[in-house]
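The values are calculated or read from the model by the stated rules, or taken from the named source; none is laboratory data. Given the structure is predicted, the values throughout are model-derived calculations rather than measurements. As a convention, Cβ positions derive from the backbone with ideal geometry for all residues, glycine included, and neighbour counts pool all protein chains shown. For accessibility, only protein heavy atoms count, side chains too; no ligands or nucleic acids. Shrake-Rupley method; radii C 1.70, N 1.55, O 1.52, S 1.80 Å.
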Amino acid sequence: MAVWQNHDYLHFQPQTNSLENKVILVSGASDGLGRCAAIEYAKLGADLVLLGRNRDKLTQTMEKVSQYPVQTLAIDLDFASATAEDYHSLAANIEAQWHRLDGALLSAGILGQLCAIKDIQIANFDEVMNINVRSQLLLAQALLPLLNNAPSSSLVFTTSTVGHAGRALWGSYAMSKFAVEGLTQTLGDEYKDTTLRVNCINPGATRTQMRAQAKPDEDPMVLKTPLDIMPTYLYLMDDASAHITGYCLDAQPK
Ligand code: NAP
């Protein structure tokens, strides 16, 4: 998909309290990039809806976020088993508290089995596609009315370098991220004449559990941390990015 080429966002510095009066949902808020983004959004004053499947880990994020004077709603939702009704019930909860969403960062995802296409086990393929693609679609469908209720809103999916160009042995994960880019581009086009923008972030190699699982022999200290790449995550939630839709933003462009 089209990659945004003006890299000024890499040095984006938000104004103090720039996300005050915004309500932002973050999936994968219990760990890694989603957790870091949720805390950074809270620092800037956003009220938060935090999604995770592990209550203990989500509570740790809540404890960090509660240092800031923002409202939070934490919801346990396991994408592996969630139904369309679960996503609609989540949307009803948000509707009851805020009536709208100004932003949604969909960061949750899994790596699955890294192997040659010929060796993919179909049960693992189904699991990866369920969590990385089907749940993104169902969540986006449930959230669209809330995003459309906001004066200016931002829906952000998460892709990968192997979602731009196929790479041997990245299997189902790579295919799932191609699908996420297709979802971003198609939805971005559908809403291009509205106040909702739809983009995705490619974080690039970042020091998280998922990266350690993908590259167990790599020295994690050579990698950027989630905090290092937050300017891209902050930019896409800030009104400064209101003119961008249907694009991928690389947080670590080559
Ligand atoms: P991470 O630290 O492993 O975090 C993944 C998050 O997804 C966790 O919060 C995890 O919850 C959640 N999750 C996994 N399965 C779930 C399920 N069934 N239901 C609900 N939530 C679930 O990984 P990360 O590196 O932050 O990855 C964030 C996003 O960036 C992913 O979409 C990934 O594909 C993408 N990405 C990462 C890199 C990188 O180098 N790190 C590079 C390119 C793209 P638990 O805490 O319960 O496990």
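Each residue was assigned an accessible area with a 1.4 Å probe, and for Thr186 the value is about 80 Å².
Lysine pair count for the stretch 12-250 (Cα-Cα distance under 30 Å; residues 8 or more apart in sequence or on different chains): 23.
The distance from the alpha carbon centre of the stretch 178-217 to that of the stretch 54-68 is 24 Å, rounded to a whole number.
In the context of the full set of protein chains, residues of the stretch 12-250 present 44 Å² of accessible surface per residue (probe radius 1.4 Å, heavy atoms only).
Rounded to the nearest 10 square angstrom, Asp239 shows an accessible area of 80 square angstrom against a 1.4 Å probe.
Axis angle, to the nearest 10 degrees, between helix 32-43 and the longest C-alpha principal axis of the chain: 10 degrees. Against the chain, whose longest principal axis is taken from its Cα atoms, helix 135-148 shows a tilt of about 20°. Over the stretch 12-250, the fraction of Cα-Cα pairs per 5 Å bin, rounded to whole percents and listed from the shortest bin up, is 1, 7, 15, 19, 22, 18, 11, 5, 2, 0, 0.
Roughly speaking, to the nearest percent, how much of the stretch 128-254's 1.4 Å accessible area is carbon and sulfur? Reported share for carbon and sulfur atoms: 55 percent. Computed on protein heavy atoms with a 1.4 Å probe, the accessible areas place Arg207, Arg100 in the order Arg207, Arg100, largest first.
For helix 55-65, what angle does its Cα long axis make with the longest principal axis of the chain, in degrees from 0 to 90 and rounded to 10? Compared with the principal axis, the helix lies near 50 degrees.
Which residues among the stretch 1-41 fall inside the zone where the amide N is under 16 Å from a point 7 Å beyond the Cα of Ala214, along Cα→Cβ? Inside the label zone: 32-34.
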